[in-house]
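Working notes, beginning with the structure itself.
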Amino acid sequence: MMAALRQVGVLVDVTRCVGCNKCVDACGTANGLGEASHIPQQAPDGLSAERWLAIVESPEGGYVRKSCRHCLDAACVSACPVGAMTQTPEGVVLYDGEKCMGCRYCMMACPFGIPRYQWDSSAPLIRKCTLCYERLVEGRLPACVEACPEQALTFGERSELLAIAHERLEQAPSKYLPKVYGEFEVGGSALLYISNVPLDFLGFNGAPGEEAYPELTWEWLGKVPAVTIGAAALMTGLFWIIGRRMQADAARHAQTSQSSEES
Amino acid sequence: MNNTLRTLIKDGLWAIVFAGTVAAVIRFASGLGAGSGLNDVTPWGLWIAFKLGFVALAGGGFTLAAVVYIFHIENYRPILRRAILMALLGYGSFIVSLIVDLGLPWHVYMPIISWQHYSVMFEIAWCVMLYFSVLALEFSPAILEHPWFKHPRFQKILHWLHKLTLPLVIAGIVLSTLHQSSLGSLFLIMPHRVHPLWYSPWLPYLFFTSAIAAGMMALVVEGFIIERWFKRGMHFDLLGTLGAWVALPLGLYLILRLSDLFLRGVLPGVLDGSWQSTLFLAEILIGGILPLVLLASQKIRESREGLLTSATLIIAGIISQRMSLSMFTMRQSTGLSYFPSVAETLIAFAIPAAAILIYLFFAENLALLDRENPTRALDTSTSIDRLAFANQDTPGRAIFARRSGLATFVIALMLPTMLNLTVTGGDRSVNPVQAARGWETLLINGNDSGYVVRFPHSEHQERLTDELGTKEAACTTCHHLNHPDDEATSCSECHTDYYQSSSIFDHPHHQQALGGNEGCTECHTDEHLRQSPEICKDCHETMVAQEGQRTFNSFALSYTDAMHGRCLECHGQKATELNKPELELCGTCHTSDQGEVNQVGGLSGN
């Protein structure tokens, strides 16, 4: 990997968020998501094809950002059969509708249940946060980070953000839970959270473990070439051996019946 | 089984196929949202569950091919061709179902040109593609043996196909091994969705062994049905031995499944009394261990009822495993729940119905039922009932008329559903704004909750007049779009919904004023072009929709957004200018005093 490119990320400080939804509005405007993106509480769990970012209330109170986590080793990227989900060198997970065939495996695989689908379209696409990649390329901030009036969102290099996060945890240990969410879960993600309330509810069904999801399938997929060659060789071998034996048996049988006739 | 019953069953299958076709039209015309119950939280449903079932029942194809060609057990040859056809139709159903399920089915070729070998789905795509081709080649001799293909050219192809048999068989076995197991690995990446009693890191092995068992037992059940339908021998002796051999894959499957649960410590969950645990127990005990015990007895195995019962139980158990894993016990997240829609269900059942009809067509017309004596199946004078297309009592034209009548009936029956399904969407809740009450101080019930913002209107008016010099300038600071002859239009006249934006342009009003439909051309200079009101464009350039746009550009923000927008901007400035930071705080306007509101009476409507 090229050394010049940085692994970027966004640090979310849940304690600073006041739930004003300015980030959601900015996201809708920047990504041209249309009128619907400005309507609050459109989908029961916050996100929809027109709403890539939502501020949801945690069960314990507090406003929490819900959006694509941009996992370092993303389940959706590994699940996509046609490479429509890709990861840029900066770690941003992007989607290419030109390749997608609409199997929705990425939606099933995402441990946070993030990707959304255009269910009302007859040519539907997967929709999700792009971390405003086009703006990043131009050297601008993601729209949500730029819009946040409370500095609850910080954009930067992931390693630097981790340092900032741990610094804040150290400075005010009573204010935060002693954990940076996104540092290790499913192998780490570009989105990092520090919070005063547990964020396990953001997982599709509770917090996922620390193992990166693609490894779950690679355990099997890695064996495919061996299984292919093994099965082919085994079948050819069995065919040949059993065939030979049967020929030999038949010959012996013919011989014995011949000899019994002779006697 | 008599001819009337056969015709009725066929009519029923055709009816399902017609209904499914109508449902598929809805699904492709209006998208997956209208054609299925799938949603963002449950993007996979009934179609996936059925697909897993189709492929499991197709498992007999590669199993028997291995038995006959690789293990040289020739006495199974008479049922081999049936097994291949079952597999071919199973995979055909899988592919048709996939086309319906895919959001962009015209991109279905993408796995060929855009490789992503970390994806299980990619492997499955390739295996299905290749194995379906292999099956088609394996089955094509049955078609080429038909008298229609007497031409030497076809016979040459047939000759080559026979020579290719062994490589095809080996390819078929390898591909099946890979992707029967991969259908299980598909779910390895979703431990957060699959129920713990069905999830296992050994899913590939479970799927592979159970597919062999299900495929073998599908051949047994198929044999019984064929015997009933065609009054033909079904090689009971052979099927009976399948009943003995099935203990191997089925036993292995059960041992693997239970020992995995035990090793991972999930087994106690079996007894927690939830409906999932009951389903699991039924699946294992009734659909696995019970038939295994039954088949262990030679007496039961060799009785017709015993064999049929055991085979049916095994199939039910394995289909239950596939459907529970992928649908019934899939864990939901917050919010949306999933239930298959009518259209979705019809499509799901239409596909196997069509497969059965194709099977019957082949069985009636090809040398399928008795490999040893192919001509017998083609000979109308034997006991086989040649139905439908070749039945002497009902000529082809009558059958065609019957089916068209059936199709018309089914489509007419489904029309109301169709219309209902295609006219969905856009069903958002509306929260109409109530105008602010009060005089010098306005009570703005912005959240429609009774907690009002007390807005000192005259105070703002006076302050702004002092600051800006004229009263007019003061008013237009906030009242930005005045109606003609109106000093100050109230906010709620345009910002009509608390949370949603709404259109400012009152099209019905203009339409009426200009004389109804006569007046269109007053604005729309070209009546065939919606986007041509040149007159309006002169002044309201941004208000008129651009070419290809369906709504007017200019819409009023939601009431809440509009209020916040106007107030916050100014308050923010003043907070800095006057060094009064409290001006910017929410609590300055949003007081938590509800008592005074109720004094106003009827303000919040409660």
In peptide B:117-129, what is the residue-averaged number of other protein chain Cβ atoms found within 10 Å of each Cβ?
6
Which FRET efficiency value, to the nearest 0.05, is calculated for B:PHE154 and B:PHE361 with the Förster distance at 25 angstrom and r the Cβ-Cβ distance?
0.80
Rough spin-label spacing in nm, given labels placed 7 Å along Cα→Cβ, for A:GLU210 and B:LEU137
5.0 nm
Alpha carbon convex hull of segment A:188-263, volume per residue in cubic angstrom:
123 Å³
When only Cα pairs under 8 Å and 6 or more residues apart are kept, what is the percent relative contact order across chain A?
24 percent
With springs only between Cα atoms under 10 Å apart, run a GNM on chain A and tell me which of A:ALA49, A:ALA165, A:ALA251 wobbles the most.
A:ALA251
Net charge (Lys, Arg +1; Asp, Glu -1) of residues whose beta-carbon lies under 15 Å from that of B:HIS195, B:HIS195 excluded, is +2
What Rg and what Dmax come out for segment B:125-262 when only alpha-carbon atoms are used, in angstroms?
19.2, 61
With Cβ to Cβ distances under 9 Å as the rule, what net charge do the other residues near A:SER195 carry (K, R +1; D, E -1)?
0
Please work out how much length the chain gains when fully extended from B:THR477 to B:LEU164, using 0.36 nm per residue of separation minus the C-alpha to C-alpha distance, in nm with one decimal.
104.2 nm
Leaving out ligands, DNA and RNA but keeping every protein chain, what accessible area does B:THR476 have, in Å² rounded to the nearest 10, with a 1.4 Å probe?
70 Å²
From the P(r) of segment A:15-117, could you give the percentage of C-alpha pairs in the tail past 23 Å?
32 percent
Output field shielding_mean for B:171-177 (other chain Cβ, 10 Å radius) holds 4
Segment A:92-146: radius of gyration and largest Cα-Cα distance (Dmax), Å:
13.0, 36
Simple SL model, points at 7 angstrom along Cα→Cβ for B:GLU305 and B:ASN2; separation in nm is 2.6 nm
Please give the helix A:158-171 orientation as an angle from the longest Cα principal axis of chain A, in degrees from 0 to 90, rounded to the nearest 10.
60 degrees
Sequence-distant lysines (8 or more away, or on other chains) whose Cα lies within less than 30 Å of A:LYS99
A:LYS66, A:LYS128, A:LYS223, B:LYS51
Residue-averaged beta-carbon neighbours from other chains (10 angstrom radius) around A:233-246:
4
Would you list B:PHE208, B:PHE187 from the most to the least accessible area, probe 1.4 Å?
B:PHE208, B:PHE187
Taking the Cβ of B:ASP40 as the center, what net charge do the other residues with Cβ under 13 Å away carry, scoring Lys and Arg +1 and Asp and Glu -1?
+3
Long-range share for segment A:37-179, i.e. C-alpha pairs more than 26 Å apart as a percent of all pairs, stands at 31 percent
How much of A:GLU57 can a 1.4 Å solvent probe reach, expressed as accessible area in Å² and rounded to 10?
130 Å²
Using only Cα atoms, tell me the angle between helix A:224-262 and the longest principal axis of chain A; keep it within 0 to 90° and round to the nearest 10.
10 degrees
Checking rank on B:285-293, A:219-227, B:323-331, with mean other Cβ inside 10 Å and highest first, the result is B:323-331, B:285-293, A:219-227
Descending packing, highest mean Cβ count within 10 Å first, for B:188-201, A:199-212, A:230-243, A:123-136 is B:188-201, A:123-136, A:199-212, A:230-243
Of all DSSP beta bridges located in chain A, what percent are antiparallel, nearest 5?
75 percent
Suppose we keep just the alpha-carbon trace of segment B:55-120; what are its Rg and Dmax in angstrom?
16.1, 46
Over the Cα atoms of chain A, what is the Rg over Rh ratio if Rh follows Kirkwood?
1.29
Starting from one equal scatterer on each C-alpha and no solvent at all, send me the Debye-based log10 I(q)/I(0) for segment B:192-338 at q = 0.15, 0.16, 0.17 Å⁻¹, two decimals.
-0.76, -0.84, -0.92
Full-stretch length increase - B:PHE339, B:LEU267 - with 0.36 nm per residue and alpha-carbon distance subtracted
23.0 nm
Given a 1.4 angstrom probe, I'd like the percentage of the accessible area of segment A:96-244 that is carbon and sulfur, rounded to a whole number.
56 percent
Would you calculate the separation in nanometres between label points at A:SER174 and B:ASP237, each defined as 7 Å from the Cα along the Cα-to-beta-carbon direction?
8.9 nm
Taking the highest mean first, how do the peptides B:40-47, A:69-76, B:135-142 order by number of other beta carbon atoms within 10 angstrom per residue?
A:69-76, B:40-47, B:135-142
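The values are calculated or read from the model by the stated rules, or taken from the named source; none is laboratory data. None of these values were measured; they are calculated from a predicted model. Using ideal geometry, Cβ is built from the backbone for each residue, glycine included, and neighbour counts are taken over all protein chains shown. Protein only, heavy atoms only, side chains kept; ligands, DNA and RNA dropped before computing areas. Shrake-Rupley method; radii C 1.70, N 1.55, O 1.52, S 1.80 Å.
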